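The values are calculated or read from the model by the stated rules, or taken from the named source; none is laboratory data. Since we're looking at a predicted model, the values are computed, not measured. Note: ideal-geometry Cβ built from the backbone for every residue, glycine included; neighbour counts use all protein chains shown.
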Amino acid sequence: MADLLQPATRLSVPEVAHGGRALGSGRHRMDRRQSAVLDRLLVSGRDLLTRVDRVLTDGGAPADHPVLPLITRWRVLPGGALEFAAALRPPLTAPPVPAALPDAPVEWAGPASAVFGAHWAGLRAHQETLVTRAEATAEYATQVSDWMFALRSDMADAVAAALGSAEAVAIRTALPDGFVAPEVVRAAADLGHLVLAVVTPFDPAAWTASLSESPYLPADRPPSAPGRGFTINT
Amino acid sequence: MTPDQLATALVATFDLDVGAGNGPGAGAHPGPADPLSPADFGGGAPGGLGELGRAVHAQWAAALAARAAEDTGQRARLAATAEGLRAATDRYSTTDTLDG
């Protein structure tokens, strides 16, 4: 009931443009702090959005209301969007980036030198690929973590605004299992839009190529006499 | 740098386990201590959001598995290389010229 003691205000849906925020930016740091707020709002937010979902299920939404394309896009009601945001557990921790191999000028003369040179060149080239893959994985972890933090932060803002809104009062004071008045339907749709509008996509397909496993391709090398010189069996 | 010096540098830099079947060695990264589950990506949510969460989790898990496999394979190759360099150093003391 504490939510209802706050001044009831009409809702306005802010422009949401999170995801990909610059690391170290003020907004990025705020997202991490605000993300934790969502856990504290979860119980009261879940109660309100459960009611909103029920009204939307029973009464629908006004024609051409902006909540409708969002429900269609995500195939989820506002309560499901809250559960999605609340479940996210950033940050992701990427494995370490391996060291590069030196362009080692081995002081070595004789037939085995060419064998080793080709082998070493192949190892160095593969190591460079592994470094690139590891760096891409670290960047992926950063991007996904930023997306999660931002989504949780924006969801916390939306739920806080919803809890203190006039629309929440209308939802909470509606008669259960009775006639759903048009103003209640409108209030539920507005609250649903407020919540669903903060959900932004993340495109896994954009990362497929840079995260896949890189096979090792041994370098071509001249044959060496067995038992003599540099031999390698990998 | 002599072959033996390069072998020593490889073992030290990558903390390789040379001579014991060329396993991954102590320097191999162990992977995340507390791997995230699909639920930690919102995979338990309904509709398209749950699908998105499961897709991102699957991609993250696959990326971690790929990095671990790459690390294991390359460390084994580096360990075998260090072992080969040391063996070659011994053999070449009589058959080739070492300038170091």
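Brief remarks on what is shown
- Filtered by the rule that a residue be more than 23 Å from A:ALA174 (Cα to Cα) and in contact (Cβ under 8 Å) with a residue 24 or more places away in the chain, the stretch A:55-71 gives a lone residue, A:LEU70.
- For the stretch B:40-57, the tally of residues that are on the phi < 0 side of the Ramachandran plot and without any contact (Cβ under 8 Å) to a residue 12 or more places away in the chain stands at 9.
- Residue match in the stretch A:30-44 (condition: within 12 Å of another protein chain (Cβ to nearest Cβ), in contact with a helix residue (DSSP H, G or I) (Cβ under 6 Å, 6 or more places away or on another chain) and closer than 30 Å to A:ALA134 by Cα): no
- Candidate set: the stretch A:142-181, residues that are in contact (Cβ under 8 Å) with a residue 24 or more places away in the chain and part of a loop (DSSP other than H, G, I, E, B); chosen: the one nearest to B:ARG54 (Cα to Cα): A:GLY164
- Enumeration of residues in the stretch A:91-112 that are surrounded by fewer than 19 Cβ atoms within 10 Å (Cβ to Cβ) and more than 7 Å from chain B (Cβ to nearest Cβ): A:PRO91, A:VAL97, A:ALA100, A:PRO102, A:ASP103, A:PRO111
- The stretch A:93-141, subset polar (S, T, N, Q), in a helix (DSSP H, G or I) and under 30 Å from the mean Cα position of the chain (by Cα), residue nearest to B:THR89 (Cα to Cα): A:GLN127
- Evaluated against (1) within 11 Å of the chain's Cα centre (by Cα); (2) surrounded by 21 or more Cβ atoms within 10 Å (Cβ to Cβ); (3) not polar (S, T, N, Q), B:ALA69 falls short on exactly one condition, (2).
- Close pairs from the stretch A:72-93: first within 30 Å of A:ALA138 (Cα to Cα), partner among the aliphatic types (A, V, I, L, M) and surrounded by fewer than 21 Cβ atoms within 10 Å (Cβ to Cβ), Cβ under 8 Å, at least 6 apart: A:LEU82/A:LEU42; A:ALA86/A:LEU42; A:ALA87/B:ALA39; A:ARG89/B:LEU36; A:PRO91/A:ALA141; A:LEU92/A:ALA141; A:LEU92/B:LEU36; A:THR93/A:ALA141
Yes or no, residue by residue, for (1) farther than 20 Å from A:GLY45 by Cβ; (2) among the hydroxyl-bearing types (Ser, Thr, Tyr):
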site: A:LEU151; (1), (2): no, no
site: A:ALA156; (1), (2): no, no
site: A:THR173; (1), (2): no, yes
site: A:VAL180; (1), (2): yes, no
site: A:GLY192; (1), (2): no, no
site: A:ALA205; (1), (2): yes, no
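- Test result for B:PRO24, under 29 Å from A:ALA94 (Cβ atoms), buried (at least 18 other Cβ atoms within 10 Å of the Cβ) and at pLDDT below 90: yes
- Residue ID - farthest from the other protein chains (Cβ to nearest Cβ), chosen from residues in the stretch A:66-77 that are assigned to a loop (DSSP other than H, G, I, E, B) and either surrounded by 19 or more Cβ atoms within 10 Å (Cβ to Cβ) or charged (D, E, K, R) (or both): A:LEU77
- Residues considered: A:ASP53, A:ASP58. Of these, the only one that is assigned to a helix (DSSP H, G or I), within 11 Å of chain B (Cβ to nearest Cβ) and among the acidic types (Asp, Glu) is A:ASP53.
- Scanning the stretch A:142-159 for residues that are closer than 12 Å to A:ARG33 by Cα and in contact with a Leu (Cβ under 7 Å, 6 or more places away or on another chain) gives A:ARG152, A:ALA156.
- Qualifying residue in the stretch A:114-122 (condition: within 7 Å of chain B (Cβ to nearest Cβ), surrounded by 15 or more Cβ atoms within 10 Å (Cβ to Cβ) and without any contact (Cβ under 8 Å) to a residue 60 or more places away in the chain): no
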